[in-house]
1. Would you please list the contacts, defined by Cβ atoms under 8 Å and residues six or more apart or on different chains, that run from a residue in segment 26-42 that is under 27 Å from Asp102 (Cβ atoms) and in contact (Cβ under 8 Å) with a residue 60 or more places away in the chain to a residue that is surrounded by 14 or more Cβ atoms within 10 Å (Cβ to Cβ) and small (Gly, Ala, Ser)?
2. Scan segment 113-129 for residues that are free of Cβ contacts under 8 Å to residues at least 24 places away in the same chain and within 15 Å of the chain's Cα centre (by Cα) and jot them down.
3. Check whether at least one residue in segment 62-82 is acidic (Asp, Glu) and free of Cβ contacts under 8 Å to residues at least 24 places away in the same chain, and report yes or no.
4. Residues that are at negative phi, in a strand (DSSP E or B), among the small types (Gly, Ala, Ser) and within 11 Å of the chain's Cα centre (by Cα): does segment 89-112 have at least one?
5. Hey, among the residues in segment 95-106 that are surrounded by 12 or more Cβ atoms within 10 Å (Cβ to Cβ) and out of contact with any Phe, Trp or Tyr (no Cβ under 7 Å at 6 or more places or on another chain), which one's modelled with the lowest pLDDT?
Amino acid sequence: MTLALSYEHRIVGDVAGLFMVLDYPAGSSVPGTGTDARVKERIATVAEGKVRVLGDDQDTDADGQEDRLRLLVALTEGTTLPTGPIARVRFDCVDEARLAADQFRCTVDQVSDGAGQLIAAEEARKVTCMASIGQAGK
């Protein structure tokens, strides 16, 4: 699964950090919980430039099964995060043939500028993410 970021710099301004929140369906999982090593092994940064992505696998409905991956995306050098592919997440799937990209909901939360200040809600809503399913290893 590839997660991509989209926004227009001329409208939003510099974006130096944010959370990508990926809600994923039953039948898919990321081994581990929270920020443990097994979760980290399943997340790869694919963005161009100096970007760091850290994940936190969460159980949002207290049913004992994680269902949300919250990714901190932070610029480590430069002025603004790139648009396009940011991270790749490798899921375990019970029945891969039945899963489709529209079953994975990607949203953006807490968008901040280079000074670490939250960007106004009106502009932050214009920063979006998309999830797409690709073949393993691509």
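1. Cβ pairs passing all conditions: Val30/Gly55.
2. Passing the criteria: none in range.
3. Step one: filter segment 62-82 for residues acidic (Asp, Glu), giving 63, 66-67, 77.
The next check asks that each one be free of Cβ contacts under 8 Å to residues at least 24 places away in the same chain; those that pass are 63.
Looking for residues that are acidic (Asp, Glu) and free of Cβ contacts under 8 Å to residues at least 24 places away in the same chain, one finds at least one in segment 62-82, hence yes.
4. No, the conditions are met nowhere in segment 89-112.
5. So in segment 95-106, the residues surrounded by 12 or more Cβ atoms within 10 Å (Cβ to Cβ) come out as 96, 99, 101, 103-106.
Those still in the list that are out of contact with any Phe, Trp or Tyr (no Cβ under 7 Å at 6 or more places or on another chain) too: 96, 99, 101, 103, 105-106.
Numbers: Glu96: 57, Leu99: 80, Ala101: 86, Gln103: 91, Arg105: 96, Cys106: 97.
Looking at residues that are surrounded by 12 or more Cβ atoms within 10 Å (Cβ to Cβ) and out of contact with any Phe, Trp or Tyr (no Cβ under 7 Å at 6 or more places or on another chain), I get Glu96.
The values are calculated or read from the model by the stated rules, or taken from the named source; none is laboratory data. Everything numeric in this text was worked out from a predicted model, so none of it was measured. Every residue, glycine among them, receives a Cβ derived from its backbone with ideal geometry; neighbour counts consider all protein chains shown.
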